[in-house]
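To keep things clear, I will list the structure first and then write my remarks on it.
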Amino acid sequence: MIIRLNRYLSICGVSSRRKADRLIEDGRVRVNGVIVREPGYRVDTDKDRVSIGRRVLKPQKKRYVILNKPRLYLTSLGDERDGKRSIRELIRDIPERVYPAGRLDYDAEGLLMLTNDGEVANRILHPRYKLPKVYLTLVKGALSSDVLEKGAFGIKLEDGLARPDWIKILGKKNDNTVLEIAFHEGRKHLVKRFFKSMGYPVLRLKRVAIGPIRLGNLPRGKWRDLTPEELEALKRSLGFK
């Protein structure tokens, strides 16, 4: 099969296609022993030998995994850093090299998608595909419906307008407010900055869905593969034929 070099790297589980472009442009990828710097270079998957350093790349079995990330874990595949645990210890029994398609803050919890399918990961992250990421949020204070209505039209942050796909109040907890909010973009600390700019700091944050994929009753700290039905629904949401 003849495919683009950057796509070959993604199906080998090296990285998303975007990061594969950087690896290629930085001269870290060889085809038949020769450095290639063109992401669109065509390789024959049956004949060509593609390598990064001493590692010869081979396509992996595709894995699509969801993890219920606990609070106080880094969304990182590295070892503990500064005494902080990472999700690596929670997925050690997955033989394929899967990596997070998006991140959750250290003090946030909930649904994290991991895969070695670079194209799927890239589409999950890209705002073009408008895949909503849904969060349960506890904010400090009694947020009124008037304030909520203003927030629904968007709040101007330092890096541009933040407009949720939807936002609704679910109830009260003591003197604080429980809400559901969804964004299809993944700017850093977006939910926290959105509510803070309105004067309601986030106390707890939990992601419960990514597009059609729901966290459900998956125990905290555990992972599972997507069902065939979930994978089909996810790919359909991402525009795959």
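The values are calculated or read from the model by the stated rules, or taken from the named source; none is laboratory data. All values reported here derive from a predicted model rather than from experimental measurement. With ideal geometry, Cβ positions are generated from the backbone for all residues, glycine too; neighbour counts draw on all protein chains shown.
General remarks:
- Taken over region 133-181, the residue count meeting the criterion of being within 22 Å of the chain's Cα centre (by Cα) and among the basic types (Lys, Arg) is 2.
- Put simply, of Leu90, Leu72 the only residue that is among the hydrophobic types (A, V, I, L, M, F, W, C), on the phi > 0 side of the Ramachandran plot and at pLDDT 95 or above is Leu72.
- Flag set for Val178, criterion: in a strand (DSSP E or B) and within 20 Å of Asp107 (Cβ to Cβ).
- Unmet criterion (only one of (1) surrounded by 13 or more Cβ atoms within 10 Å (Cβ to Cβ); (2) among the charged types (D, E, K, R); (3) free of Cβ contacts under 8 Å to residues at least 24 places away in the same chain) for Glu149: (1)
- Just one residue in the set Leu112, Leu104, Leu157, Leu179 is surrounded by fewer than 21 Cβ atoms within 10 Å (Cβ to Cβ) and of a type outside the set (D, E, K, R); that residue is Leu157.
- One residue stands out among those in region 183-224 that are among the β-branched types (Val, Ile, Thr) and either out of contact with any strand residue (DSSP E or B) (no Cβ under 7 Å at 6 or more places or on another chain) or part of a strand (DSSP E or B) (or both): the one that is farthest from Asp107 (Cα to Cα), which is Ile213.
- Flag for Leu226 being assigned by TED's automatic domain parsing to the domain that holds Asp105 and buried (at least 17 other Cβ atoms within 10 Å of the Cβ): yes
- Any strands (runs of 3 or more DSSP E) falling wholly within region 24-125 and containing at least 2 residues that are closer than 30 Å to Leu205 by Cβ: 64-69, 109-115
- Among residues of region 221-233 that are on the phi > 0 side of the Ramachandran plot, those with a Cβ under 8 angstrom from a residue that is part of a loop (DSSP other than H, G, I, E, B) and surrounded by 13 or more Cβ atoms within 10 Å (Cβ to Cβ), sequence gap 6+ or separate chain, pair up as Gly221/Pro70.
- Single residue of Arg63, Arg4, Arg17, Arg30 found to be at pLDDT below 90 and surrounded by 14 or more Cβ atoms within 10 Å (Cβ to Cβ): Arg17
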